[in-house]
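Please read the structure below before turning to the comments.
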Amino acid sequence: MSASLISGFALGFSLILAIGAQNAFVLRQGLRREHVFALCLTCAVSDAILIAAGVAGFGTLAQTAPWFEPVMRFGGAVFLTWYGLRSLLSAWHGGSSMDVSEGTRSSLRSVLLTVLAFTWLNPHVYLDTVVLIGSISAQYDDRLAFAIGAMLSSFVFFFSLGYGARILSPVFARPRAWQVLDVVIGFVMLAIAAKLVAI
């Protein structure tokens, strides 16, 4: 295993590890056991596309298209505010439960559209994958191995988060635990939205 691949994996994993909107959503869906495979695959493939773009040299997009950054930033802030308020409202109404047989399952389409919005409307994703990983990859002779390592970290992280969430199932058998999770997710979303607007 090459040093470039290991370095790419370590960098990618460290960047994605922070709790953010996308990770919080994957955790929630993992707990509900709703469309986990498709959700994790969508997140990982999206990251892989962005990493490939960064390593291929598209990190200058924000410089060549001045409108790109503010559009992404404010669009992301609006979406995160909406989702954050929705999570807080859900907590106020009493939380969910782990019994997914109650007919409250989300459709695959709505889950994928939501996570695609979390991914592609978040300018921090572009900074981490396209700009940061893209620029650091230039320091390595084997840029392909570096990119593959970073991509692998996304697959490992998202599938571990999505399926590992099931370990917490006994805790989330209680509606109160779901209320707490919805409150945490809501405030995380609102905090990220506020940060985007304040940049």
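The values are calculated or read from the model by the stated rules, or taken from the named source; none is laboratory data. Since the model is a prediction, treat every value here as computed from it, not as a measurement. All Cβ positions, glycine included, derive from the backbone under ideal geometry; neighbour counts span all protein chains shown. Keep in mind that these areas ignore ligands, DNA and RNA; they rest on the heavy atoms of the full protein, side chains included. Shrake-Rupley method; radii C 1.70, N 1.55, O 1.52, S 1.80 Å.
Going by what's in this entry, would residue 129 be described as hydroxyl-bearing (Ser, Thr, Tyr), modelled with pLDDT of 85 or more and buried (at least 16 other Cβ atoms within 10 Å of the Cβ)?
no
Going through the range 144-175 one residue at a time, which ones are under 18 Å from residue 34 (Cα atoms), buried (at least 19 other Cβ atoms within 10 Å of the Cβ), of a type in the set (A, V, I, L, M) and over 13 Å from the mean Cα position of the chain (by Cα)?
If the condition is that a residue be under 18 Å from residue 34 (Cα atoms), buried (at least 19 other Cβ atoms within 10 Å of the Cβ), of a type in the set (A, V, I, L, M) and over 13 Å from the mean Cα position of the chain (by Cα), then 165 is the only one that fits.
Filter the range 98-116 for residues that are modelled with pLDDT under 90 and crowded, with 16+ Cβ neighbours inside 10 Å and give the result.
Hit for the range 98-116 is 98, nothing else.
Are any residues in the range 50-86 at pLDDT below 85, hydrophobic (A, V, I, L, M, F, W, C), within 30 Å of residue 182 (Cα to Cα) and open to solvent by less than 50 Å² (accessible area, probe 1.4 Å), and if so, which ones?
Answer for the range 50-86, where residues must be at pLDDT below 85, hydrophobic (A, V, I, L, M, F, W, C), within 30 Å of residue 182 (Cα to Cα) and open to solvent by less than 50 Å² (accessible area, probe 1.4 Å): 72, 77, 79, 80.
So which helices (runs of 4 or more DSSP H) stay within the range 97-199 end to end and still have 1 or more residues that are more than 26 Å from residue 54 (Cα to Cα)?
In the range 97-199, the matching helices (runs of 4 or more DSSP H) lie at 108-120, 143-164, 175-198.
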